[in-house]
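Chemist: Quick one: structure below, then a few questions.
Please treat every number below as a calculation from the coordinates, not as lab data. On a predicted model such as this, the values are computed, not experimentally measured, just so you know. Backbone-built Cβ (ideal geometry, glycine too); neighbour counts: all protein chains shown.
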Amino acid sequence: MATCLVTGGAGFLGSHLCDELLRREHRVICVDNLETGSLVNIEHIRSPSFVHLNVDITEPYFIDEQVEVVFHLASPASPIDYLRLPLHTLKVGSYGTHHTLGLAKAHRARFLLASTSEIYGDPQEHPQRESYWGHVNPIGPRGVYDEAKRYAEALTMAYHRQQGVDTTIVRIFNTYGSRMRAHDGRAIPTLLRQALADRPLTVFGDGSQTRSFCYVSDLVRGLIALAESGQHEPVNIGNPDEFTLLELAEIVLEVTGSSSKIVHAPLPTDDPKQRKPDITLAKELLGWEPEVALRDGLRLAIEQSGRARLLGDDLG
Ligand code: NAD
């Protein structure tokens, strides 16, 4: 059994990671100030091996017991959040990552940074391999998130190279599942909410831009496999099945049985045109690949979230 620190553990991905680590009989210390997460995501956890600390990681913080693995997930992650919290997003990526890396160093712990496909920006290479350096607008509205994550990657490699910390970096591509927030502005929760409410489904632009969607249990399995490996360089974790946004809206209509219409809205600034991970490295290194197809994952998300949560009628 290892003691794992999960920053952002009361968020969407972090809470699923806490569940899986506990299922594998690890001790879990969840550090989360509930900025974009919620106690609703962890209130079902009854294990004595779990503790939640309400801590803001942009301030220095310490953990009073030995920690073996640090999963650093805390950060606003949806466009609605980081556009509302631009300075906080930059501070979490910089100060928050510094403090958490310092903690990993003090504990001689393995450290995993949750980075993102957004560091590739609006990519000029398709699909995106880890060796691609990206095409990011540093001064656009999304720059606060993309550059915070790029800085966090640079910082992580510096702690590894100069301070000898055992670090690794996961570049997460769009992930979905239960506990997504209905109003967080990301494509899947928005389309599900609209379909279940029999409202028109909003597709940005002409809907020809592509995304790939990874089901949360596949993602969590990838995070743990990477943490357990000896890898230091970044690894893409995501589902390479690629869909246009228009196809996604049609699949949501099919899965929900909704008869809503599809309407179009203006494209957000710097919206990437294509997004698809090359997962060759994850396959070779970790023996990892996704198992849950989009339609199955959407049905699971609906079943596990429940209608009220997807409609945003709950308190989460
Ligand atoms: P989320 O907003 O649900 O979770 C983030 C958590 O971090 C929240 O619980 C929030 O309260 C916490 N947090 C924020 N600032 C904090 C602070 N200063 N101190 C302590 N806790 C703080 O987002 P998510 O979708 O679960 O994303 C988790 C991580 O995965 C993020 O780092 C995100 O960049 C990365 N990621 C997610 C996706 C995705 O599709 N969900 C894709 C790429 C990368």
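Chemist: Can you tell me the length gained on complete extension of the stretch H44 to D271, counting 0.36 nm per residue apart and subtracting the Cα distance?
Modeler: Length difference between fully extended and current span is 78.1 nm.
Chemist: Kindly put V136, V28 in sequence by how many other C-beta atoms sit within 10 Å of each C-beta, fewest to most.
Modeler: Fewest-to-most ranking of V136, V28: V136, V28.
Chemist: Something else now. If the stretch 260-301 were replaced by its equivalent ellipsoid, with semi-axes equal to the square roots of 5 times the Cα gyration tensor eigenvalues, what would those be, largest first, whole Å?
Modeler: With the √(5λ) rule applied to the stretch 260-301, the semi-axes are 29, 19, 6 Å.
Chemist: Moving on to the next point. Binning at 5 angstrom from zero up to the longest distance, how are the C-alpha pair distances of the stretch 44-92 distributed in percent?
Modeler: For the stretch 44-92, the binned pair fractions read 4, 14, 21, 20, 17, 13, 9, 1 percent.
Chemist: Run through the stretch 1-83 and list the GluC sites (Glu not before Pro) located in a DSSP loop whose Cβ has at most 14 other Cβ atoms within 10 Å.
Modeler: Answer in residue order: E25, E43, E65.
Chemist: Counting other Cβ atoms within 10 Å, keep those with at most 14, restrict to DSSP loop, and tell me which GluC sites (Glu not before Pro) in the stretch 282-312 are left.
Modeler: Passing sites in the stretch 282-312 are E291.
Chemist: Let me ask another. Round to the nearest 10 and give me the degree value, 0 to 90, for the angle of helix 294-305's Cα axis relative to the longest principal axis of the chain.
Modeler: Helix 294-305 sits roughly 70 degrees off the main axis of the chain.
Chemist: Between the alpha-carbon centers of the stretch 47-64 and the stretch 172-217, tell me the distance in whole angstrom.
Modeler: 31
Chemist: May I pose another question? For the stretch 1-131, build the convex hull from the C-alpha positions and give me its volume per residue in Å³.
Modeler: Hull volume over Cα atoms, normalised by residue count, gives 127 Å³.
Chemist: Roughly how many nanometres apart are two label points built 7 Å out from the Cα toward the Cβ at H183 and R295?
Modeler: With each label point 7 Å from Cα toward Cβ, the separation is 3.3 nm.
Chemist: Using θ = phi - 60° and the Karplus curve 6.51 cos²θ - 1.76 cosθ + 1.60, what whole-Hz ³J(HN,Hα) does each residue of the stretch 211-219 get, with Gly and Pro shown as x?
Modeler: 9, 10, 10, 9, 6, 4, 5, 5, 4
Chemist: Going by alpha carbons, how many degrees (0 to 90, nearest 10) lie between the helix axis of 245-256 and the longest principal axis of the chain?
Modeler: That works out to roughly 80 degrees.
Chemist: Enumerate the amide H contacts of V31 below 5 Å, restricted to partners 5 or more residues apart or on another chain; note that Pro and chain-start residues carry no placed amide H.
Modeler: V6, T7, G8, G9, L53
Chemist: Out of every Cα pair in the chain, what percent are spaced more than 30 Å from each other?
Modeler: Within the chain, distances greater than 30 Å cover 29 percent of Cα pairs.
Chemist: Anyone know which of S38, S260, S212 comes out most mobile in the 10 Å Cα GNM of the chain?
Modeler: Evaluated over the chain, the most mobile residue of the options is S260.
Chemist: How large is ³J(HN,Hα), in whole Hz, for each residue of the stretch 36-44 in order, when computed from phi with the Karplus curve 6.51 cos²θ - 1.76 cosθ + 1.60 and θ = phi - 60°, using x for Gly and Pro?
Modeler: 10, x, 7, 4, 4, 6, 10, 5, 6
Chemist: Classify the stretch 196-257 from the C-alpha gyration tensor, please: rounded if a/c falls under 1.5, else prolate or oblate depending on whether a/b exceeds b/c.
Modeler: prolate
Chemist: For the stretch 228-306, rounded, prolate or oblate, judged on the Cα gyration tensor with a ≥ b ≥ c (square roots of eigenvalues), a/c < 1.5 rounded, else prolate if a/b > b/c?
Modeler: In terms of gyration-tensor shape, oblate.
Chemist: Quick query: amide H of I262 versus all other amide H atoms, modeled in the peptide plane; which residues come in under 5 Å with a sequence gap of 5 or more or a different chain?
Modeler: The answer is L201.
Chemist: Which distance in nm do the two modelled labels at T280 and R23 give, with both placed 7 Å along the Cα-to-Cβ direction?
Modeler: Label-label distance for T280 and R23, simple model: 3.2 nm.
Chemist: A further question follows. Using the number of other C-beta atoms within 10 angstrom as an exposure proxy, rank M157, M1, M180 with the fewest first.
Modeler: M1, M157, M180
Chemist: Taking the Cβ of V28 as the center, what net charge do the other residues with Cβ under 14 Å away carry, scoring Lys and Arg +1 and Asp and Glu -1?
Modeler: -2
Chemist: Moving on to the next point. Please list, in order along the stretch 13-19, the HN-Hα scalar couplings obtained from phi with the Karplus expression 6.51 cos²θ - 1.76 cosθ + 1.60 (θ = phi - 60°), rounded to whole Hz, x for Gly and Pro.
Modeler: 6, x, 5, 5, 5, 4, 4
Chemist: OK, next. Distance from a point 7 Å along Cα→Cβ of R108 to each backbone N in the stretch 131-170: keep the residues under 20 Å and list them by number.
Modeler: 159-168
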